[in-house]
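Step one of this worksheet: look at the structure below.
The values are calculated or read from the model by the stated rules, or taken from the named source; none is laboratory data. These numbers come from a predicted model, not from an experiment. Here the Cβ is made from the backbone with ideal geometry for all residues, glycine too, and neighbour counts use every protein chain on show.
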Amino acid sequence: MRVNGKLVSDPEFPVRVGSDRVEVAGLETAPAQRRVLVLNKPRGLLTTTRDEQGRDTVYECLRDASLPWVAPVGRLDKASEGLLLFSNDPEWAARVTGPGGPDKRYHVQVDAIPDAAALRALSQGVEVDGEMLHAKSVELLRSGGKHAWLEIVLDEGRNRQIRRLLAARDYSVLRLVRVAIGPLQLGTLAKGAWRWLEPAEVAALAD
């Protein structure tokens, strides 16, 4: 494959639709239609295209489908679950994951029952390893025994942000499920199942 006349061997090399010239076997290709799918990621899978240690990735859920090339939009760590997007358009993906992109909403089970003051402290943030971490909002969904479910909304994406934020306040995460990105809800999509987004859903995330 050549991009703007230069040989490229990386199949994930980002190109700008409408401005970069892409050639395969000497023939110029037409811009691909933007495609976006949503997966309900199960726990225990890595969000990556390949793993050097041979561990299972999110592509296990897509293995039996005849799909065009799509890459994860952002990521969920191995122990996390829920709504994960894939797209063939890196530029669109960057708008979803970058500054100014849609909020991400999570339901998080912790090993304690935070009071109102503790919830406010999580929203106000805490410095971790020289980095200020905070949530846009934190609400108590329900509690019972020694555990509680929180709804945490983020308006930025940092590596393992929720887990690090909660650990700094001495909470352990028992489960972490992303339930929404902007207006897109995980809804009743079964664990490990996926579906294509409708054009209106794609536009609502990042036009």
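What the table below lists for this structure:
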{"quantity": "Residue ID - surrounded by the most Cβ atoms within 10 Å (Cβ to Cβ), chosen from residues in the stretch 75-91 that are at pLDDT below 95 and closer than 15 Å to Arg35 by Cβ", "calculated": "Asp89"}
{"quantity": "Residue within the stretch 178-195 that is under 17 Å from the mean Cα position of the chain (by Cα) and aromatic (Phe, Trp, Tyr) present", "calculated": "yes"}
{"quantity": "The stretch 92-132, residues that are among the hydrophobic types (A, V, I, L, M, F, W, C), under 26 Å from Gln185 (Cβ atoms), over 18 Å from the mean Cα position of the chain (by Cα) and at pLDDT below 95", "calculated": "Leu119, Leu122"}
{"quantity": "Hey, Val202 part of a helix (DSSP H, G or I), in contact with a strand residue (DSSP E or B) (Cβ under 6 Å, 6 or more places away or on another chain) and within 21 Å of Val38 (Cβ to Cβ) or not", "calculated": "yes"}
{"quantity": "Within the stretch 70-144, strands (runs of 3 or more DSSP E) holding 1 or more residues that are within 16 Å of Arg163 (Cα to Cα) and either touching a residue at least 12 places away in the same chain (Cβ under 8 Å) or assigned by TED's automatic domain parsing to the domain that holds Leu189 (or both)", "calculated": "81-87, 104-110, 126-128, 131-133, 137-144"}
{"quantity": "Residue in the stretch 142-187 that is nearest to Ala204 (Cα to Cα), counting only those that are among the β-branched types (Val, Ile, Thr) and touching an Asp or Glu at 6+ places or on another chain (Cβ under 6 Å)", "calculated": "Val153"}
{"quantity": "Residues of the stretch 4-60 classified as among the hydrophobic types (A, V, I, L, M, F, W, C) and either at pLDDT 85 or above or surrounded by fewer than 12 Cβ atoms within 10 Å (Cβ to Cβ) (or both), total", "calculated": "12"}
{"quantity": "Complete set of residues in the stretch 162-191 that are farther than 24 Å from Gly145 by Cβ, surrounded by 15 or more Cβ atoms within 10 Å (Cβ to Cβ) and modelled with pLDDT of 95 or more", "calculated": "Arg178, Ala180, Ile181, Gly182, Leu184, Leu186, Leu189"}
